[in-house]
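Heads up, the thing below is written out as C-alpha cells.
What follows is calculated from the coordinates using simple rules that are stated; it is not laboratory data. Keep in mind that what you see is a predicted model, and the values were worked out from it rather than measured. Note that each Cβ is placed from the backbone with ideal geometry, even for glycine, and that neighbours are counted across all protein chains shown.
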Amino acid sequence: MTPPTAFPWAIFLMGPTAAGKTELAVALARRLPCELISVDSALVYRGMDIGTAKPSPALLAEIPHHLIDILDPAVPYSTAQCRHDALAAMVDITARGRIPLLVGGTMLYFRGLQQGLATLPSANPAVRDALSAEAAVIGWSALHARLTALDPVTAAQIHPHDPQRIQRALEVHALTGRPLSALIAAAAAAPLPYRLLKFARAPHDRAVLHTRIAQRFHAMLADGLIDEVRSLLARGDLTPDLPALRCVGYRQVVEYLSGAIDHATLVERGIIASRQLAKRQLTWLRAEPDCHWLADEPEPLNAAMQLIEQTIINAPLPELR
C-alpha cells in the first residue's frame, strides 16, 4: 500500500556493519533540515560506546541522535519499544518542520516500523507442553500438516522440521482462534504514516566490507573494548545472557574475560561474528523493496543528495545549504 501523498517524508539509511552509514548520515545532516534517529539495538545502551562504534560526544553534541544512550544495559529493548520510540521522535521532528533521518543496521527494527507489529498472546506453558507431548507421539511433521490445514500461509513459510516455529503458530491459533498470518496481516493494514525514501549503504565488493570490519574490530580493541566490557561485568548485575552483552564483539570479549578463549581466538571470533552479522543484514536488505543502493562509487553523498532533491525537496541543491 502506497502511503497518501499528504503524509510527510522520512528517510531510511540502512546498511551492514562497518559500511559507513554514520559518516553518510552525518554528512546529510550537515546539509539538510533533518534530525537523526538511531535504529540500532546496541546504541540504545549507556556505557556501551566502543564496541557499538557509538558516535563521539563531540559529534553527538554537534548533531544529536535520537534513541542513543536511552537505556541501562540491564534492560532489554524490543522491536515494539523501538517502533514506539522512533515514531514518537518522528512525529516530534516533523512537527518542527524537519525531516526524520533514521539510520542503523537493526533490520528487524526497520521492518517493524514499516509493517507494524501484530499483538500476539504471550507464551502459554500448558499449551506448549501439550503440543510438545503430542509431537513426541505423532511427530512435528504431522503437526506441520495440521498447521497447513489451519493456516496455510504461515505453514508455507515454516519448514516441517522447525519445531519452535510450528509450535508457536499452533499455540497462537489455539489461544486466539485466528491464524497467525491473519494477525500479522491485520497489523500490516495500519501503515507507517510516512512516505519513505530508503537507502542501503554498502560497498559493491564484499572483500572491501570484510577489510573494514577487521580494521574496525582491531581499532575497537586498541581503543579499550576489553576494559569497557570488564567495567560492565564489574557492576555485578549484568549477566552474559542479557541481550546487551550478547551483541557482536561484547559476547566474544565476555568469553575471553571468562577464560574460555585466548586473545587470538577473541580477535578471530569477533571478526567472524561481525562478518556473519553483515551477511544477515545484506540478506534482509536485498529483500527490501524500493531501496536505493549507495556504493562507494559514485560518491554516496552526492548520489543520496540528488535523490533527496528529486524526491523530497524539489529545489536546486544550492538552496539546501
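What to note about this one:
- Low-density loop positions, trypsin sites (Lys or Arg not before Pro), the range 84-168 - DSSP coil, at most 10 other Cβ in 10 Å: Arg96
- Summed residue charge, Cβ within 13 Å of Lys279's Cβ, Lys/Arg positive, Asp/Glu negative: +4
- The computed Cα Rg over 2.2 N^0.38 Å for the structure shown corresponds, within [x] 1.11; [y] 1.15; [z] 1.23, to [x].
- Between Ala149 and Lys279, the modelled labels are 4.0 nm apart [label points 7 Å from Cα along Cα→Cβ].
- Estimated FRET transfer efficiency when R0 is 35 angstrom, pair Ala186-Asp223 (beta carbons, to 0.05): 0.15
- Springs between Cα atoms under 10 Å define the GNM used for the chain, and in it the highest mean-square fluctuation of Leu32, Leu301, Leu170 occurs at Leu170.
- The range 48-99 versus the range 143-210: alpha-carbon centroid distance in Å: 27
- Across Trp284, Trp293, Trp140, mean-square fluctuation computed from a Gaussian network of the chain (C-alpha pairs under 10 Å connected) peaks at Trp140.
- Look at the dipole of the chain built from charges on Cβ: of Leu36, Ala295, His263, the Cα furthest out on the positive end belongs to Ala295.
- Cross-link partners of Lys279 among lysines (Cα-Cα below 20 Å; sequence separation of 8 or more within a chain): Lys21, Lys198
- In plain terms, the chain from Ala95 to Arg165 could stretch by 21.1 nm, reckoned as 0.36 nm per residue minus the Cα-Cα distance.
- Theoretical gain in end-to-end length, Asp262 to Asp69 [0.36 nm per residue, Cα-Cα removed]: 66.4 nm
- For the range 264-296, the residues whose amide N sits under 17 Å from a probe point set 7 Å from the Cα of Gln215 along the beta carbon direction are 271, 275, 295-296.
- For the range 230-306, trypsin sites (Lys or Arg not before Pro) are listed when DSSP marks them as loop and at most 13 other Cβ atoms sit within 10 Å of their Cβ; the list is Arg235.
- GNM top mover of Val153, Val91, Val39 - the chain, alpha-carbon springs below 10 Å: Val153
- Mean residue ellipticity at 222 nm, helices only, the chain: -15500 deg cm²/dmol; runs of at least 4 DSSP H residues each add -39,500 (n - 2.57), and the sum is divided by the number of residues.
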